[in-house]
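Notes for the one structure printed next.
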Amino acid sequence: MNRQDLLFIACIAVFLFPFFTIDAVLNAYISFNATHGMVAAFIKFAILSTTGELIGLRIATGKYIKPGFGILPRAIVWGFLGLGINAAMIVFSSGVPVFLQYMGISNAPEIFTGNVSLEKLFIAFTVSVFMNTIFGPVFMTLHKITDTHILNNGGTIKGFLRPIKMGEIIRNLNWDVQWNFVFKKTIPLFWFPAHTITFMLPGNMRVLCAALLGVVLGVLLAIAARKN
């Protein structure tokens, strides 16, 4: 651990310190999250998931900052991806229990919103499997496309605002890594259990937990980059 690591950790500690020590700050966050859920999701993913990418960059290159990496464009992308993730979590956490009830598990929606139990764990796992199987690959591919677009345009805001060359980027993606590592390994081995735990939490804590998982995603992206 060198000086830049200590500085990075210190910055995170300073940012988080008020939430753990000042009740007014924590209460303001809880209130804002309750009344402006989508805006809060944008901010949480923009900050936390971008931080995860910086950690991934540190793992891959030894540095937190690299010319052309595009921290601000990535934060903007993560903010909008956070809106999609928040919407997906609402849709799947509402719809899958209803589907399970349709399939014969009586009171599945009530069990899912109730106390911790084996039945709730099973429903949370099922919600996670549905979301990560249906929504996950689309989300991950879209993120890879925007990531490539940012890098191809030098990480600048001006370059980021240029039209995305979807066809060209999709053709040139490393589908071997995307399929054999990102889809086949990270989804069942990490995201299934990680989001099962997320869906066991109260509804107002799920998006924050999902955003914190963005830190882990940064590490996974670094591993995928090395596989490239």
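Summed over the stretch 33-63, residues that are open to solvent by 30 Å² or more (accessible area, probe 1.4 Å), not basic (Lys, Arg) and not in a helix (DSSP H, G or I) total 1.
Restricting attention to the stretch 14-62, the residues that are free of Cβ contacts under 8 Å to residues at least 24 places away in the same chain and not aromatic (Phe, Trp, Tyr) total 17. Summed over the stretch 154-183, the residues that are outside any helix (DSSP H, G or I) and either free of Cβ contacts under 8 Å to residues at least 24 places away in the same chain or exposed (fewer than 12 other Cβ atoms within 10 Å of the Cβ) (or both) give a count of 5. Do the conditions hold for Ile30, that is, is it open to solvent by 70 Å² or more (accessible area, probe 1.4 Å), of a type outside the set (Ser, Thr, Tyr), within 19 Å of Leu213 (Cα to Cα) and in a helix (DSSP H, G or I)? Taking the combined requirement at face value, the residue does not satisfy it. Of the residues that make up the stretch 113-127, is at least one open to solvent by 80 Å² or more (accessible area, probe 1.4 Å), of a type in the set (Val, Ile, Thr), out of contact with any Phe, Trp or Tyr (no Cβ under 9 Å at 6 or more places or on another chain) and under 16 Å from Lys185 (Cα atoms)? Taking every residue of the stretch 113-127 in turn, none turns out to be open to solvent by 80 Å² or more (accessible area, probe 1.4 Å), of a type in the set (Val, Ile, Thr), out of contact with any Phe, Trp or Tyr (no Cβ under 9 Å at 6 or more places or on another chain) and under 16 Å from Lys185 (Cα atoms).
Among the residues of the stretch 131-153, the ones that are assigned to a helix (DSSP H, G or I), open to solvent by 20 Å² or more (accessible area, probe 1.4 Å) and over 21 Å from Pro73 (Cβ atoms) come to 3 in all.
The values are calculated or read from the model by the stated rules, or taken from the named source; none is laboratory data. All of these numbers come straight from a predicted model, not from anything done at the bench. All Cβ positions, glycine included, derive from the backbone under ideal geometry; neighbour counts span all protein chains shown. Each accessible area value is taken on the protein alone, full model and side chains, heavy atoms only, with ligands, DNA and RNA left out. Shrake-Rupley method; radii C 1.70, N 1.55, O 1.52, S 1.80 Å.
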